[in-house]
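Enquirer: Attaching a single structure in structure tokens format; questions to follow.
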Amino acid sequence: MNERVEELATKLSNMANFIYNNAPDANAPPLSVSHTWLPALSPHQIANQLAALADELKEAVLDDIDQGEEALIRGFSASLEAASTNLLPGLFNGNAGTAVPHLIATINFIAAGISNLARWRTPDPASLPPALAKRLQKVHRDLHNLMPDVAQVELQVTTIKDAFNAAESLPTTLQELRAAQVELKSIERKSTELLGVIRANDANAKSLTSSLNSAEEEARGFARRCAEEYQFIVSTGLAAAFASRAIELKQSMRLWVGALCGSLVVGMLVGAWRLSEIGKIINSETAYDPSRLWFQMMLSVFSIGAPVWFAWMSTKQIGQRFRLAEDYAFKASVATAYEGYRRQAAQIDPELEKALFTSALARLDEPPLRFVESVTHGSPLHELANSRAAKALIEKSSEIIENVRPAKSSAAE
């Protein structure tokens, strides 16, 4: 029996057995008794129809089917699979009203198809019974398998003829074999020579490979040392830049120190001169004139103010440049010592190396403008007015004035 036909018959038998197992009472009343709109068939009658279809398939002569018939049987199998999954359980779970009509329609459709297949393949009843026809087909198939293959016989005859011709030309073949043997020995000798050359080349290649590996290791060492030297050069260059900037600031600071000293000397000379002038007015034998005294004092203030202002500015510049020079010098020392500390830290702990790099970067990244005052004063008086002491004095004066006013008002009353 064909595999597809056997699969279809098995599915029909399984559906029948499912109904038999779930409805053991063979004398159960028809479904129309409980559901008036259903067919007057009992579950066992539906199962009997499925079993009869399976038997009809098994008895039919369907050993050799074409592609169209195989596709038809495959469609029947798919329909039975869907009916088994979606319709057959409806007989027993309360959905018989929906499932039974569709199930019977599916069975009738498949029964009609099976009848057509069986009618097409069943021999004429007037000539042979179905069972005898099946046996006759089996005997015919066995005889066909026992008969020798004509192509194989022809191949064997051709082989025998070729062997006979080879036996007749055997002397010529032996001469050819001897010549081939001589040629083979010559080839073997040349192969041996070439094998020696190949082995020598292999040894040279291995030697060159070893040399290349050594050169590669040496190149990697050079690259590693170059990277280390590059890091050292970067650190050294950075340190040199910071040190150069610190030296420049220190040199400029010397100029400002000289300017400070000069302004102080000028201030002392001008102050001494103005004091002598004021002393002359005070010690004069002429009548005392306060206006002349106040005028000389104003001239003294203006004369001394310029050296004092320049000395104050020099002091500010010296302080700022000193702090900047110290900051650049510290950064230069950090950049100089970083590479040595980094190598030691890398040998101890990689995490320590990371911490050292973070610390050095934080120090080098600090802007030098943090040492420059954010507020620029134009004169010593301006700075004095913005100082905390002056602001505190002004606040105290305001409080005193506020306290004096009520006292005056009370005294007046």
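The values are calculated or read from the model by the stated rules, or taken from the named source; none is laboratory data. Quantities reported herein were computed from a predicted structural model and do not represent experimental measurements. Note: ideal-geometry Cβ built from the backbone for every residue, glycine included; neighbour counts use all protein chains shown.
Enquirer: Can you pull out the residues in region 243-269 that are of a type in the set (A, V, I, L, M, F, W, C) and farther than 23 Å from VAL301 by Cα?
Expert: ALA243, ALA246, ILE247, LEU249, MET253, LEU255, TRP256, VAL257
Enquirer: Still on this model: Could you check, for region 71-78, whether at least one of its residues is touching a helix residue (DSSP H, G or I) at 6+ places or on another chain (Cβ under 8 Å) and either under 16 Å from HIS44 (Cα atoms) or not in a helix (DSSP H, G or I) (or both)?
Expert: No: region 71-78 contains no residue that is touching a helix residue (DSSP H, G or I) at 6+ places or on another chain (Cβ under 8 Å) and either under 16 Å from HIS44 (Cα atoms) or not in a helix (DSSP H, G or I) (or both).
Enquirer: For region 10-43, which positions are assigned to a helix (DSSP H, G or I), at pLDDT below 80 and surrounded by fewer than 20 Cβ atoms within 10 Å (Cβ to Cβ)?
Expert: Scanning region 10-43 gives SER32, VAL33, SER34.
Enquirer: Of all residues being surrounded by fewer than 13 Cβ atoms within 10 Å (Cβ to Cβ) and either of a type in the set (A, V, I, L, M, F, W, C) or farther than 15 Å from LEU50 by Cα (or both) in region 96-108, which is modelled with the lowest pLDDT? Just the residue, please.
Expert: THR98
Conditions (1) at pLDDT below 80; (2) of a type outside the set (A, V, I, L, M), marked per residue:
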site: ILE110; (1), (2): no, no
site: ASN116; (1), (2): yes, yes
site: PRO129; (1), (2): yes, yes
site: GLN152; (1), (2): yes, yes
site: VAL157; (1), (2): yes, no
site: ASN165; (1), (2): yes, yes
site: THR173; (1), (2): yes, yes
site: GLY196; (1), (2): no, yes
